[in-house]
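The values are calculated or read from the model by the stated rules, or taken from the named source; none is laboratory data. Everything numeric in this text was worked out from a predicted model, so none of it was measured. Reconstructed Cβ throughout: ideal geometry from the backbone, glycine too, with neighbour counts over all protein chains shown. The area values use the complete protein model at the heavy-atom level, side chains included, leaving out ligands, DNA and RNA. Shrake-Rupley method; radii C 1.70, N 1.55, O 1.52, S 1.80 Å.
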Amino acid sequence: MAREKRCVQCGHRVKSLLIQYSPGNFRLMKCENCNEVADEYIECELMIIFIDLILHKPKAYRHLLYNVFTQETVYLQHLLWKMVLAYLLLDTYRSLLLRRTNGESSVPMNSILASLEVLVNVLSANFAFVLSFALASKIIPIGASRKEILLGIFISSYIKIFLIAMPVWGFPVSVIFIVDLLVLTSNAVALKVMTKSTTSRCLAACFMAHSVKFLVEHMNILIICS
């Protein structure tokens, strides 16, 4: 997302990732800092990159956040709004899954009242999430703009998409909380890649933001049920 591309091994800025001689004929460049190939993922299939992202490999996150989503290929503001919309839709779907598994049938799920309850819950919880993340980020040395950090958090929450498979495969409700934990750790890896902070600080910042979001969600449920 920064204008400069990065070496996926050490995170050092590089002028170019490859030299292309003709279509399909190119040579990968080496990083001047670590003397390794700057980005070997250029030659990898999407499935390999996706697996490395699930394994939380920092170099896969550097490839995605710096060498794929660059200001040269996407308009940052437009991408941010798209990611916010996708994030809220997946979070709304998560809330609906929780209501269904908790057996909340006193109000039909297709009613306007239930829809408004879910919408208010999702919006307020995520507002608290972003606000607490902004406060937590003050303890972290920032190496990018806050807009880029926020976009990195939303992009690294891609694991939420696995929730779509829950009704199909009949997974238990515990899978929702496993996905939440993976989202938290994925956010921490992305934050570490984009900042100059330590793993412990990034985990602490993400844990604080997700904890506040969890508390707001459950406070909303208690208010609705009372």
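Being closer than 28 Å to residue 169 by Cβ, out of contact with any Phe, Trp or Tyr (no Cβ under 9 Å at 6 or more places or on another chain) and modelled with pLDDT under 85, is that true of even one residue in the range 87-94? No, because not a single residue in the range 87-94 is closer than 28 Å to residue 169 by Cβ, out of contact with any Phe, Trp or Tyr (no Cβ under 9 Å at 6 or more places or on another chain) and modelled with pLDDT under 85. Only one entry in 193, 175, 183, 168 is open to solvent by less than 30 Å² (accessible area, probe 1.4 Å) and free of Cβ contacts under 8 Å to residues at least 60 places away in the same chain, namely 183.
Of all residue pairs spaced 6 or more apart or on separate chains, those with beta-carbon atoms under 6 Å, a first member in the range 4-29 that is among the hydroxyl-bearing types (Ser, Thr, Tyr) and a second member that is at pLDDT 90 or above are 16/29.
Within the range 196-224, the set of residues being surrounded by 15 or more Cβ atoms within 10 Å (Cβ to Cβ), out of contact with any helix residue (DSSP H, G or I) (no Cβ under 6 Å at 6 or more places or on another chain) and assigned to a helix (DSSP H, G or I) comprises 201, 204, 207, 214, 221.
For beta carbons closer than 8 Å, sequence separation of 6+ or different chains, a first residue in the range 32-47 that is open to solvent by 100 Å² or more (accessible area, probe 1.4 Å) and a second that is hydrophobic (A, V, I, L, M, F, W, C) and not in a loop (DSSP other than H, G, I, E, B), the qualifying pairs are 32/14; 43/28.
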